[in-house]
Every structure is written in structure tokens, then in C-alpha cells.
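Below is one structure, written out as C-alpha cells, with a few remarks after it.
Every number in this text was worked out from the coordinates using simple rules, so none of it is lab data. No experiment lies behind these values; they were computed from the predicted model shown. Ideal geometry is used to build each Cβ from the backbone, glycine not excepted, and the neighbour counts take in all protein chains shown.
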Amino acid sequence: MTGWWRKRFVALAILITWVTSGCVHIVRHAEVLEVPLSPESAVETPSKLQLSDGSVVLFPDGLWVHADTVWGREPGQQFNLSLSPSSERPFVPTTEVASAVTVEQKWDVGSSLLLSLGGSAVVVGLWAIAISGGVP
């Protein structure tokens with residue numbers, strides 16, 4: 001590799017190192033789970049109740065079921081069919097609930113490791129080529 005190309009390659013290796021800085025990538029995804037409306041069940045993640053009249057109640061801090069009532073950890077916001085906020089609801093009787101779901105963030109360990117190790121291998125390979133003067 002000539003001097004001009006070597007300088008360009010080293011600059012590229014530095015840029016890629018800066019962009020991948022540390023080569024630690026965390027892959028997350030959201031998983032929607034059904035909430036059982038059985039007595040004494042509890043959820044600490046944001047939850048949504050679909051009511052039998054078509055409206056929706058969101059409990060941002062989770063909910064718990066006590067006897068025949070769903071309670072929010074904080075009062076929930078009810079939205080009507082046009083998705084306009086209509087009222088604040090601290091609880092909802094289970095007889096009005098058609099379905100209940102929650103969203104949990106999951107960490108994908110396998111993808112995170114693969115992406116992190118792959119990024120590290122690319123950076124090490126580029127630096128090895130840059131330091132050795134290139135490939136023959």
C-alpha cells in the first residue's frame with residue numbers, strides 16, 4: 001500500500017473505531033403480554049385495558065386486580081372511540097373489561113453478544129491491516 005492509501009486506510013480505521021466506540025451494542029424489543037384478570041394478579045409495566053364499550057384505559061405505572069376490580073397504581077386515562085381523552089379512571093370493574101395487555105421490554109442477549117463481538121472483530125481486523133501496512 002502506498003503512503004497516501006495507507007493514511008486514508010488508517011483514517012477509515014480511526015473513524016470506524018470512533019463510531020463503534022467500545023463495540024457494546026444492546027438489542028431490546030418490546031413484548032406484548034396478556035394480563036390475566038384473576039384475583040390478586042399484578043403488573044408493574046404500562047398496561048392497557050380494552051373496555052367492552054370500545055374505549056381504552058391506559059395505566060402507565062401498571063395495575064393489580066383485587067376481587068372483581070382492576071386498580072391502577074396511578075389513576076389511568078380513559079380514551080373514547082376517537083382516541084380523545086375522556087376521563088381519569090383510578091379503577092375499572094372487571095365486568096367492563098374485554099381484554100388487558102401489558103408491554104415488557106426484553107433484552108436479547110444472543111443478538112447483543114453477536115453484534116458486539118462482530119463489531120469488535122471488524123475493528124481489530126481493520127487495525128491489524130492498518131498497522132501491518134495492508135494486504136499484499
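Each of the peptides 66-78, 27-39 was scored by the mean count of other Cβ atoms within 10 Å over its residues; in descending order, highest first, they stand as 66-78, 27-39.
Would you mind counting up the charge near Trp64? Only other residues with Cβ under 14 Å from its Cβ, with Lys and Arg at +1 and Asp and Glu at -1. Combined, the nearby Lys, Arg, Asp and Glu give -4.
The mean sequence separation of alpha-carbon pairs under 8 Å and at least six residues apart, normalised by the residue count of the stretch 30-105, gives a relative contact order of 39 percent. Counting 0.36 nm for each residue step from Gln105 to Val124 and taking away their Cα separation leaves a gain of 3.6 nm. The slack in the chain from Leu117 to Arg73, taken as 0.36 nm per residue of separation less the alpha-carbon distance, amounts to 11.8 nm.
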